[in-house]
1. Within the stretch 31-51, is there a residue that is over 19 Å from residue 81 (Cβ atoms) and of a type outside the set (Ser, Thr, Tyr)?
2. Given the conditions (1) exposed (fewer than 10 other Cβ atoms within 10 Å of the Cβ); (2) in contact with a Ser or Thr (Cβ under 6 Å, 6 or more places away or on another chain), which single one is not true for residue 57?
3. Determine, yes or no, whether residue 46 is closer than 15 Å to residue 12 by Cβ and not charged (D, E, K, R).
4. Among all residue pairs at least 6 apart or on different chains, which show Cβ distances below 7 Å where the first residue, located in the stretch 22-33, is over 23 Å from residue 60 (Cα atoms) and surrounded by 11 or more Cβ atoms within 10 Å (Cβ to Cβ) and the second is modelled with pLDDT of 95 or more and of a type outside the set (Val, Ile, Thr)?
5. So which helices (runs of 4 or more DSSP H) are wholly in the chain and hold at least 3 residues that are among the aliphatic types (A, V, I, L, M) and out of contact with any His (no Cβ under 6 Å at 6 or more places or on another chain)?
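The values are calculated or read from the model by the stated rules, or taken from the named source; none is laboratory data. Only a predicted model underlies this, so the values are computations on that prediction, with no experimental measurement involved. Don't worry about glycine lacking a Cβ; one is built from the backbone with ideal geometry, like all the others, and counts go over all protein chains shown.
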Amino acid sequence: MQQTLATLDSYIQNLRPELYIDLQSSLSAEEFRALEQQYDMEIPQNLKALYRWKNGQCNTSCEAFVNNSTFIPLEEELDTA
């Protein structure tokens, strides 16, 4: 997973810089714990790995992440699940 995320990071930085600047900082271990408590669940490790890379796009971003979809922040994702 780490290699895949490193490849994705490099790809987006180099080929989609307008998208890369819209990506939010990663979540910390403390933030994951707080979300797990708030939603009374354990977040799967692969999902944690993704959100340790970046926590989705900022809400004002108009850039598509993939297939005309955006990469939403984890808390927003959990709110809609």
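1. no
2. (1)
3. no
4. 32/48
5. Of the helices (runs of 4 or more DSSP H) lying wholly inside the chain, those with at least 3 residues that are among the aliphatic types (A, V, I, L, M) and out of contact with any His (no Cβ under 6 Å at 6 or more places or on another chain) span 2-15, 29-38, 45-53.
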